[in-house]
């Protein structure tokens, strides 16, 4: 493997790991501010990563790659099957023959009341804490699996065990499309340049999507 592309790369720390292995790396993200941050961070750590400002349904100006991927459920920002198809066509056009495109998607069960549709986590940095709450609003989902999601992040100061003092916060709302496996197959079938060769339920390749322990839907598509 010589070249890798991350769509929706965010701060791109995962690409730095590839770069340390000698792989040529490129990252694309729709946020110019995020790209600027990722460039500064990669440069400070001496990682050779090239960045491009492009949304998931826009073509970044990169040379063909052996591997591309979309991490952390970012694919669901494409809120229609047509938008997903556009993305797959773009991904196919940037893969070398035999190359692989990987999508880390939300498990379809998370769109049901019994699924994992609320996630909370806290990160501590010295005397500050960052609390994040993500929610899939399943009660407002449409029959075609379009659903509102929200993310709330609060940064607080904590000193000497006292009550936290809020420093800053933001709330982000978006609309996601979370296909079930049949929906993903229908979209993939409309892009003949790609073949859906595996569906995994975990980052462990020995856990298929159908396994009881599956908690993600990871789609592996190969350029034909």
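Does residue 63 satisfy being surrounded by 20 or more Cβ atoms within 10 Å (Cβ to Cβ), outside any strand (DSSP E or B) and not assigned by TED's automatic domain parsing to the domain that holds residue 119? Criteria not met by residue 63.
Yes/no per residue for (1) more than 28 Å from residue 97 (Cβ to Cβ); (2) out of contact with any helix residue (DSSP H, G or I) (no Cβ under 6 Å at 6 or more places or on another chain):
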{"residue": "5", "(1), (2)": "no, yes"}
{"residue": "8", "(1), (2)": "no, no"}
{"residue": "11", "(1), (2)": "yes, no"}
{"residue": "15", "(1), (2)": "no, yes"}
{"residue": "18", "(1), (2)": "no, yes"}
{"residue": "26", "(1), (2)": "no, yes"}
{"residue": "33", "(1), (2)": "yes, yes"}
{"residue": "40", "(1), (2)": "yes, yes"}
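With respect to (1) in contact with a helix residue (DSSP H, G or I) (Cβ under 6 Å, 6 or more places away or on another chain); (2) surrounded by 15 or more Cβ atoms within 10 Å (Cβ to Cβ), the lone exception for residue 116 is condition (2). Reported count of residues in region 22-47, each being more than 16 Å from residue 65 (Cα to Cα) and either free of Cβ contacts under 8 Å to residues at least 12 places away in the same chain or surrounded by fewer than 15 Cβ atoms within 10 Å (Cβ to Cβ) (or both), is 9. Contact annotation: residue pairs with Cβ atoms under 6 Å, 6 or more positions apart or on different chains, pairing a residue in region 86-101 that is more than 12 Å from residue 1 (Cα to Cα) with a partner that is assigned to a helix (DSSP H, G or I), are 101/91.
Restricting to region 129-143, name every residue that is in contact with a strand residue (DSSP E or B) (Cβ under 8 Å, 6 or more places away or on another chain) and assigned to a loop (DSSP other than H, G, I, E, B).
Going through region 129-143, the residues in contact with a strand residue (DSSP E or B) (Cβ under 8 Å, 6 or more places away or on another chain) turn out to be 129-138, 140-141.
Listed by number, the residues that qualify are 137, 141.
Checking region 171-193 against the condition returns no match, with no residue being buried (at least 16 other Cβ atoms within 10 Å of the Cβ), over 17 Å from residue 101 (Cα atoms) and free of Cβ contacts under 8 Å to residues at least 40 places away in the same chain.
Residue-wise test of (1) closer than 18 Å to residue 174 by Cβ; (2) in the same structural domain as residue 209 (by TED's automatic domain parsing); (3) at pLDDT 95 or above.
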{"position": "21", "(1), (2), (3)": "no, yes, no"}
{"position": "33", "(1), (2), (3)": "yes, yes, yes"}
{"position": "51", "(1), (2), (3)": "no, yes, yes"}
{"position": "70", "(1), (2), (3)": "yes, yes, yes"}
{"position": "74", "(1), (2), (3)": "yes, yes, yes"}
{"position": "77", "(1), (2), (3)": "yes, yes, yes"}
{"position": "85", "(1), (2), (3)": "no, yes, yes"}
{"position": "93", "(1), (2), (3)": "no, yes, yes"}
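Within region 10-21, the set of residues being assigned to a loop (DSSP other than H, G, I, E, B) and either in contact (Cβ under 8 Å) with a residue 60 or more places away in the chain or surrounded by fewer than 19 Cβ atoms within 10 Å (Cβ to Cβ) (or both) comprises 10, 11, 21.
Condition first: on the phi < 0 side of the Ramachandran plot, touching a helix residue (DSSP H, G or I) at 6+ places or on another chain (Cβ under 7 Å) and part of a loop (DSSP other than H, G, I, E, B). Can you find one or more residues in region 101-113 that meet it? Give the steps one after another, and end with the answer.
Here is the first cut: in region 101-113, the residues on the phi < 0 side of the Ramachandran plot are 101-113.
Imposing the further condition that a residue be touching a helix residue (DSSP H, G or I) at 6+ places or on another chain (Cβ under 7 Å) reduces the set to 101, 103, 105-106, 108, 111-113.
Now narrow it down to the ones that are part of a loop (DSSP other than H, G, I, E, B): 112-113.
Yes; the residues of region 101-113 include at least one that is on the phi < 0 side of the Ramachandran plot, touching a helix residue (DSSP H, G or I) at 6+ places or on another chain (Cβ under 7 Å) and part of a loop (DSSP other than H, G, I, E, B).
Only residues that are closer than 30 Å to residue 84 by Cα and either out of contact with any helix residue (DSSP H, G or I) (no Cβ under 6 Å at 6 or more places or on another chain) or exposed (fewer than 14 other Cβ atoms within 10 Å of the Cβ) (or both): list them for region 148-170, please. Across region 148-170, the qualifying residues are 149, 150, 151, 152, 153, 170.
Of the listed requirements (1) under 26 Å from residue 80 (Cα atoms); (2) loosely packed, with under 13 Cβ neighbours inside 10 Å, residue 220 misses just one: (2).
The values are calculated or read from the model by the stated rules, or taken from the named source; none is laboratory data. A quick note: this is a predicted structure, and the numbers were derived from the prediction, not measured. Neighbour counts are summed over all protein chains in view; Cβ atoms, including those assigned to glycine, are modelled from backbone coordinates with ideal geometry.
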